[in-house]
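Right, one structure below, let's go through it.
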Amino acid sequence: MAEEIQVVDLDDYTEPAETPGCYAIYLRLSREPSPAWRAQFQAEWQRIPTGFKRPAAVFGDRIRLEIHGDDMVREQLNFALSLVARTNAAMARRESAGGE
């Protein structure tokens, strides 16, 4: 069965990001994903055209998402949720094709 990861919560914790005017939020995942899932997450992120996307990376059982002070937070959360769904779908396709 393909590895399926879900976003289960938004942490209250935020921190300043390196980019001026940005801060980072953390989304808690259902569990810590495998290295293969994390690599697929980054590949899916890179496929998204620039403009709307913000820096996102998996650290342990969390996604760190940078948000600009002018961003609509709900849109950025939806972006992260869709990225997780795309990653899960890609992992399922890999498994059904016989790859890991």
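The values are calculated or read from the model by the stated rules, or taken from the named source; none is laboratory data. Keep in mind that what you see is a predicted model, and the values were worked out from it rather than measured. Note that each Cβ is placed from the backbone with ideal geometry, even for glycine, and that neighbours are counted across all protein chains shown.
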Selection status of S34, surrounded by 13 or more Cβ atoms within 10 Å (Cβ to Cβ), modelled with pLDDT of 90 or more and at negative phi
yes
Identify, by number, the condition in (1) surrounded by 13 or more Cβ atoms within 10 Å (Cβ to Cβ); (2) free of Cβ contacts under 8 Å to residues at least 40 places away in the same chain; (3) farther than 26 Å from E3 by Cβ; (4) not β-branched (V, I, T) that C22 doesn't meet.
(2)
Residue satisfying all of: in the range 7-16; touching a Lys or Arg at 6+ places or on another chain (Cβ under 9 Å) and of a type outside the set (D, E); surrounded by the most Cβ atoms within 10 Å (Cβ to Cβ) among these:
V7
Can you tell me which residues in the range 52-100 are under 12 Å from Q6 (Cα atoms) and outside any helix (DSSP H, G or I)?
D61, R62, I63
